1. Pairs under 6 Å by beta carbon, first residue open to solvent by less than 10 Å² (accessible area, probe 1.4 Å) and modelled with pLDDT of 95 or more in the stretch 16-42, partner polar (S, T, N, Q) and outside any loop (DSSP other than H, G, I, E, B), six or more apart or different chains?
2. Residues of the stretch 223-256 being of a type in the set (Gly, Ala, Ser) and either open to solvent by less than 10 Å² (accessible area, probe 1.4 Å) or in contact with an Asp or Glu (Cβ under 6 Å, 6 or more places away or on another chain) (or both), which ones?
3. Run Asp49 past the list (1) assigned to a helix (DSSP H, G or I); (2) more than 18 Å from the chain's Cα centre (by Cα); (3) charged (D, E, K, R) and report the number of the one that doesn't hold.
4. Of all residues in the stretch 135-155, which are open to solvent by less than 30 Å² (accessible area, probe 1.4 Å) and over 17 Å from Ser173 (Cβ atoms)?
5. Taking the stated definitions as given, is Gly66 out of contact with any helix residue (DSSP H, G or I) (no Cβ under 6 Å at 6 or more places or on another chain), open to solvent by less than 40 Å² (accessible area, probe 1.4 Å) and on the phi > 0 side of the Ramachandran plot?
6. So, Thr184, is that one of a type outside the set (D, E, K, R), touching a residue at least 24 places away in the same chain (Cβ under 8 Å) and farther than 22 Å from Leu100 by Cα or not?
7. Could you say whether any residue in the stretch 179-196 is farther than 16 Å from Leu54 by Cβ, in a loop (DSSP other than H, G, I, E, B), aromatic (Phe, Trp, Tyr) and out of contact with any Asp or Glu (no Cβ under 6 Å at 6 or more places or on another chain)?
8. What are the residues in the stretch 58-81 that are over 11 Å from Leu19 (Cα atoms) and not in a loop (DSSP other than H, G, I, E, B), if any?
Amino acid sequence: MRPARFNIIRALVPEADLLVDYMTVRPQGNRAFLVSDTIRRIKAARVWDKLDLLYVMAAADSQAAGLNWKSPGTFALSVSGGTPTFTADRGYTGNGASSLTTGWDAATNKISYAQDSAHIGGRSRTSATTATGWMGGVGTNRINLCSRHSTGNATGRLNSGTNMFANASADGSGLWVYNRSVSTTVVMYRNGAAFGVAETATSAALDTSDIGLLRDNGGQTVVELASAFLGGSLSAGEITALYDAELAYMTAVGAA
């Protein structure tokens, strides 16, 4: 008797199945599985539940690039003040006059994000120095991130009124994460590893302004962004695992 034959059907994880349903042009085959595998890896690293927002702008089209992977029916990106350049499978590039708005503010919309437990991050495809951060709030200005400021340093604020200067940054590209695990300390990471030493920055009340991309409180930037995210505090190991998962996606689409 011949042994029974079974067809193994590869399924998307539920979060990916929901996400692709929100895409105007639903991805097929390898692209859909790439999205699913990325989410699966983030979940396996125990990072998924700590994310409040996750944008992967290195997408097939601008509509998909604006979706919030964590909750695709909420906080879709919208263009503000002009037209940043979208490039398929690369992301959005600012022009110094336009930006992307999330519609999310920490004080009102937080889930895992908290005053003394938070992270912000994303992938910049730009190495050169910029005068303005590429992620930040407007108004109270307690959140911002710049991977290579015109001072030559990586800079940021994370629930703090004080702008922190990390070590000198010779290359602003890569995946950057700014993490706060306690009320007094923040740490910068680049490509999954700590970037410089921990810094002292006492936390303040949560920002009440919407978080924008390709901008901070000082204005708009010309950086090319491929991803952006924020949520609760991550351990060093979780940041490394998130980097590995995000890098695998970016490598597959050619954005790394």
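The values are calculated or read from the model by the stated rules, or taken from the named source; none is laboratory data. Not measured: the values here are computed from a predicted model. Cβ: placed from backbone, ideal geometry, glycine included. Neighbour counts: every protein chain shown. With ligands, DNA and RNA removed, areas are computed over all heavy atoms of the protein, side chains included. Shrake-Rupley method; radii C 1.70, N 1.55, O 1.52, S 1.80 Å.
1. Short answer, once both residue conditions are applied: Ala16/Ser36.
2. Residues satisfying the conditions are Ala226, Ser227, Ala228, Gly231, Gly232, Ala245, Gly254, Ala255.
3. Every condition holds for Asp49 apart from (2).
4. Answer for the stretch 135-155, where residues must be open to solvent by less than 30 Å² (accessible area, probe 1.4 Å) and over 17 Å from Ser173 (Cβ atoms): Gly136, Gly137, Asn141, Ile143, Asn144.
5. So Gly66 fails the test.
6. No; evaluated as a whole, the condition is false for this residue.
7. yes
8. The answer is Ser62, Gln63, Ala65, Ser78, Val79, Ser80.
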